[in-house]
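Chemist: Mind having a look at this structure? Questions to follow.
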Amino acid sequence: MTAALLIAITLLLTTSGQLLQKISADRASRADNRHGRIANLLHQPQTWWAAGLLGLGMLSWLAVLSSMEVSQAYPYLGLGYVLVMLVSRYRLSEHISLQRWAGVALIVGGIVVLSA
């Protein structure tokens, strides 16, 4: 498997895991609080799916690191922030300020510079 494909898989897994964490946290905060916040989180299936996806993302990332230098691979993880923000905007209907969009442009520009 190519390093680019492994990076894409890592980003897909970790982005999905991050979004499931947010969904889980939102649902747990609306749940009955008599058991406590941690107990509410542990009762959310999204918490466990998130943990699984993030674990798989770590394994995928280890595969990336076995095929390229960390200083070359690591900047691509910045795309995870871009993906999470895009999905948060269009799937979770979160407001994204102009300042954050500018930050995304800087992140993407930095990745382009570092990958050249």
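The values are calculated or read from the model by the stated rules, or taken from the named source; none is laboratory data. Everything numeric here is computed off the predicted structure, so don't read it as measured data. Glycine gets a Cβ as well: all are built from the backbone with ideal geometry, and neighbour counts include every protein chain shown.
Chemist: Where in the stretch 53-116 are there helices (runs of 4 or more DSSP H), lying wholly inside it, with at least 3 residues that are more than 18 Å from Thr2 (Cα to Cα) and within 14 Å of the chain's Cα centre (by Cα)?
Modeler: Output list reads 78-90.
Chemist: Under 6 Å by Cβ, and 6 or more places apart or on different chains, what pairs join a residue from the stretch 27-39 that is surrounded by 10 or more Cβ atoms within 10 Å (Cβ to Cβ) and in a helix (DSSP H, G or I) with one that is of a type in the set (A, V, I, L, M) and modelled with pLDDT of 80 or more?
Modeler: Ala28/Leu41
Chemist: Give the residues of the stretch 83-114 that are more than 28 Å from Asp26 (Cα to Cα), exposed (fewer than 10 other Cβ atoms within 10 Å of the Cβ) and small (Gly, Ala, Ser), sorted by residue number.
Modeler: Of everything in the stretch 83-114, nothing turns out to be more than 28 Å from Asp26 (Cα to Cα), exposed (fewer than 10 other Cβ atoms within 10 Å of the Cβ) and small (Gly, Ala, Ser).
Results for (1) within 12 Å of Thr10 (Cβ to Cβ); (2) among the hydrophobic types (A, V, I, L, M, F, W, C), shown as yes or no for each residue.
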position	(1), (2)
Leu54	yes, yes
Leu65	yes, yes
Val87	no, yes
Ile96	no, yes
Ala105	no, yes
Gly109	no, no
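Chemist: I've got another one for you. Considering Ser60, Ser67, which residue is more than 30 Å from Gln99 (Cα to Cα), surrounded by fewer than 16 Cβ atoms within 10 Å (Cβ to Cβ) and touching a residue at least 24 places away in the same chain (Cβ under 8 Å)?
Modeler: Working: Ser60 fails: surrounded by fewer than 16 Cβ atoms within 10 Å (Cβ to Cβ).
Only one candidate passes the filter, namely Ser67.
Chemist: Tell me whether the stretch 31-47 contains one or more residues that are of a type in the set (Lys, Arg), more than 15 Å from the chain's Cα centre (by Cα) and more than 19 Å from Ala8 (Cβ to Cβ).
Modeler: For the stretch 31-47, residues of a type in the set (Lys, Arg), more than 15 Å from the chain's Cα centre (by Cα) and more than 19 Å from Ala8 (Cβ to Cβ): present.
Chemist: Can you name the residue in the stretch 1-52 that is touching a Ser or Thr at 6+ places or on another chain (Cβ under 8 Å) and among the hydroxyl-bearing types (Ser, Thr, Tyr) and, of all such residues, is farthest from Ser66 (Cα to Cα)?
Modeler: Restricting to residues being touching a Ser or Thr at 6+ places or on another chain (Cβ under 8 Å) and among the hydroxyl-bearing types (Ser, Thr, Tyr), the top hit is Ser24.
Chemist: Continuing with this model, one more query. Scan Thr47, Thr10 and give me the residue that is touching a Gly at 6+ places or on another chain (Cβ under 9 Å), assigned to a helix (DSSP H, G or I) and buried (at least 18 other Cβ atoms within 10 Å of the Cβ).
Modeler: Result of the check over Thr47, Thr10: Thr10.
Chemist: Now for a separate question. Give the residues of the stretch 13-26 that are buried (at least 20 other Cβ atoms within 10 Å of the Cβ) and more than 25 Å from Tyr76 (Cβ to Cβ), sorted by residue number.
Modeler: Matches in the stretch 13-26: Ser24 only.
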